[in-house]
Amino acid sequence: MTDMASLMEDRAAAKVISGNLHTPVDWDSPKIARTIKKRYAAERRFKIYGLSAIAIALMALVVLGYSIVSKGYSAFFQTYVQLEIHFDPAEIDPDGTGDPAVIGRANFDGLVKEALRNRFPDVTDRRERRDLYDIVSGGASYDLRQRVLDNPSLIGQTRKVWLISGDDFDMLNKGYISADTDEGDRRLNDQELGWYDALTAEGAVEKQFHTRFFTNGDSREPELAGIWGAAVGSFYTLIVTLLLSFPIGVLAAIYLEEFAPKNRFTTIVEVNINNLAAVPSIVFGLLGLEVYLNVMHLPRSAPVVGGLTLALMTLPTIIIASRAAIKAVPPSIRQAALGLGASPVQTVTHHVLPLAMPGILTGTIIGMAQALGETAPLLMIGMVAFIVDVPGGALDPATVLPVQIYLWADSPERAFVEKTSAAIMVLLGFLILMNGLAVYLRKKFERKW
């Protein structure tokens with residue numbers, strides 16, 4: 001059918017070119033045959049170019065996704081080492097009172113080191129013992145403390161306990177450190193590899209799901225670092241951004257589209273709103289640095305400042321999307337409401353705005369997704385600080401997921417490489433979820449006129 005339609009168009013064009021619609025055209029002439037052949041060839045080339053562009057884009061997406069997933073999936077698992085711990089009552093609770101304050105001050109790190117010395121009694125050199133202690137993470141002592149606080153009956157017993165390993169030991173177990181590499185070119189020496197082989201032969205080394213990655217804040221130790229603090233900081237930042245940008249953006253769009261007079265001033269405002277949508281995000285960071293920190297003296301590295309800065313960046317996107325959604329409502333809706341006696345404000349709030357809301361929500365969600373992935377403006381206002389504690393509110397020091405990724409990517413430890421890729425996977429998951437929600441709302445509530 002398509003070829004037949006194209007042929008009919010070619011014949012009509014040939015008749016027009018001939019200058020006389022009643023003059024017969026010689027369809028078998030070489031000139032017309034060459035013209036039709038060139039046209040069909042151009043159409044085929046155009047289709048090939050389009051399919052090639054789509055294929056290249058999909059290949060790039062697959063390569064990017066594979067690179068991120070292959071480097072980051074291992075961060076969701078952590079190596080643990082099983083040691084025989086003697087919960088010495090003389091060390092943990094010398095008075096035998098069971099007082100949590102006394103137990104909390106006990107030297108659990110000494111219990112871990114003692115267990116390692118008992119497991120490898122031939123290690124007597126001071127430097128070798130330091131290497132031996134690195135098998136287990138420094139955070140293992142906190143796990144033991146919490147275990148005893150939750151179950152004081154452990155005091156006086158000897159138990160086999162799984163303890164989180166150090167980052168180098170974890171990298172060795174995951175295959176990122178090769179035993180075939182020369183000793184001078186790897187972080188673990190041959191003696192440490194021997195300890196690993198001995199523990200592995202006993203079944204005392206295994207990988208477990210790494211819940212700390214989702215429940216901990218940042219840490220200098222890769223095996224203890226998590227994204228929860230950054231995720232909570234992102235949540236507070238986006239809440240502040242939404243509470244400011246959504247009502248202001250929607251009200252501005254309603255005024256410009258429904259009530260503002262068409263004059264030079266409103267034209268200038270509309271042009272500047274469109275220009276602001278294309279301004280680099282770091283410019284908004286500079287504005288936030290000057291206004292919110294230097295003039296208003298708001299707390300540095302707080303989600304409220306990040307939200308205020310990102311609200312400035314998100315406003316143009318919400319205004320443009322809201323204006324497009326409002327403009328898409330047919331004029332007959334307004335005319336019918338006004339004809340029935342509704343005021344202009346009632347027409348907008350009762351009829352136009354509800355019908356435009358799906359488009360407004362879609363634009364808002366896309367703007368918030370863009371804000372979630374921003375780093376540059378937040379770096380300018382100081383949200384690049386090393387924050388260990390999980391923020392308890394919008395005024396507490398915090399960081400956000402993109403900045404956390406930036407910090408981990410700049411860390412020298414090999415274990416932070418997988419943490420960086422895993423955090424990117426989590427961030428991409430949030431972005432895909434938000435964009436999927438926008439598409440769902442558009443499809444569910446969209447009205448076709």
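Run down ASP180, ASP167 and say which single residue is open to solvent by less than 30 Å² (accessible area, probe 1.4 Å) and out of contact with any strand residue (DSSP E or B) (no Cβ under 8 Å at 6 or more places or on another chain). First the steps, then the outcome.
On the way: ASP180 fails: open to solvent by less than 30 Å² (accessible area, probe 1.4 Å).
Among ASP180, ASP167, only ASP167 is open to solvent by less than 30 Å² (accessible area, probe 1.4 Å) and out of contact with any strand residue (DSSP E or B) (no Cβ under 8 Å at 6 or more places or on another chain).
For the stretch 181-235, name all the residues that are under 16 Å from ILE164 (Cβ atoms) and in a helix (DSSP H, G or I).
Those that are under 16 Å from ILE164 (Cβ atoms) and in a helix (DSSP H, G or I): TYR196, LEU199, ARG212, PHE213, PHE214, THR215, PRO222, GLU223, LEU224.
Select the helices (runs of 4 or more DSSP H) contained entirely in the stretch 288-361, then report the ones holding at least 2 residues which are open to solvent by 70 Å² or more (accessible area, probe 1.4 Å).
Answer list for the stretch 288-361: 331-339, 344-347.
Within the stretch 257-275, restricting attention to residues that are charged (D, E, K, R) and in contact (Cβ under 8 Å) with a residue 40 or more places away in the chain, which residue is nearest to THR317 (Cα to Cα)?
Across the stretch 257-275, the extreme among qualifying residues is GLU257.
Counting only residues that are among the aromatic types (Phe, Trp, Tyr) and at pLDDT 85 or above, which one in the stretch 411-449 is nearest to HIS210 (Cα to Cα)?
Among residues in the stretch 411-449 that are among the aromatic types (Phe, Trp, Tyr) and at pLDDT 85 or above, the one nearest to HIS210 (Cα to Cα) is PHE416.
Out of the residues in the stretch 392-401 that are in contact (Cβ under 8 Å) with a residue 60 or more places away in the chain and open to solvent by 10 Å² or more (accessible area, probe 1.4 Å), which is nearest to PHE169 (Cα to Cα)? Quick ask: steps written out before the conclusion?
So the first thing to find is which residues in the stretch 392-401 are in contact (Cβ under 8 Å) with a residue 60 or more places away in the chain, and the list is 393-401.
Then drop every residue that is not open to solvent by 10 Å² or more (accessible area, probe 1.4 Å), which leaves 393-397.
Working: GLY393: 37, ALA394: 38, LEU395: 38, ASP396: 35, PRO397: 33 Å.
Applying the filter and picking the extreme gives PRO397.
I'd like to check something: does the stretch 261-273 contain any residue that is open to solvent by less than 20 Å² (accessible area, probe 1.4 Å) and at pLDDT 90 or above?
No, the conditions are met nowhere in the stretch 261-273.
Of (1) of a type in the set (Asp, Glu); (2) within 24 Å of the chain's Cα centre (by Cα); (3) surrounded by 18 or more Cβ atoms within 10 Å (Cβ to Cβ), GLU257 satisfies all except one. Which?
In the conditions (1) of a type in the set (Asp, Glu); (2) within 24 Å of the chain's Cα centre (by Cα); (3) surrounded by 18 or more Cβ atoms within 10 Å (Cβ to Cβ), GLU257 misses (2) alone.
Between a first residue in the stretch 405-418 that is touching a residue at least 40 places away in the same chain (Cβ under 8 Å) and hydrophobic (A, V, I, L, M, F, W, C) and a second residue that is open to solvent by 40 Å² or more (accessible area, probe 1.4 Å) and assigned to a helix (DSSP H, G or I), which pairs have beta carbons less than 7 Å apart while being 6 or more apart in sequence or on different chains?
These pairs meet every condition: VAL417/LYS71.
Go through the stretch 236-273 residue by residue and tally those that are closer than 20 Å to LEU355 by Cα and not in a helix (DSSP H, G or I).
0
Search the stretch 394-449 for residues being hydroxyl-bearing (Ser, Thr, Tyr) and outside any helix (DSSP H, G or I), and hand back the single one that is nearest to LEU188 (Cα to Cα).
Filtering the stretch 394-449 for residues that are hydroxyl-bearing (Ser, Thr, Tyr) and outside any helix (DSSP H, G or I), the one nearest to LEU188 (Cα to Cα) comes out as SER411.
Filtering the stretch 72-101 down to residues that are among the hydrophobic types (A, V, I, L, M, F, W, C) and touching a residue at least 24 places away in the same chain (Cβ under 8 Å), which residue is farthest from ALA415 (Cα to Cα)?
It comes out as ILE92.
Here's the yes/no breakdown for (1) among the aliphatic types (A, V, I, L, M); (2) touching a Phe, Trp or Tyr at 6+ places or on another chain (Cβ under 6 Å):
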site: ARG105; (1), (2): no, no
site: PHE108; (1), (2): no, no
site: LEU111; (1), (2): yes, no
site: ASN151; (1), (2): no, no
site: ILE155; (1), (2): yes, yes
site: ARG159; (1), (2): no, no
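Which one is nearest to the chain's Cα centre (by Cα) among residues in the stretch 145-180 that are over 19 Å from LEU224 (Cβ atoms) and assigned to a strand (DSSP E or B)?
Applying the filter and picking the extreme gives LYS160.
The values are calculated or read from the model by the stated rules, or taken from the named source; none is laboratory data. Here the structure is a predicted model, which is why all the values come from computation and not from measurement. All Cβ positions, glycine included, derive from the backbone under ideal geometry; neighbour counts span all protein chains shown. All accessible areas refer to the heavy atoms of the entire protein, side chains included, with ligands and DNA or RNA removed. Shrake-Rupley method; radii C 1.70, N 1.55, O 1.52, S 1.80 Å.
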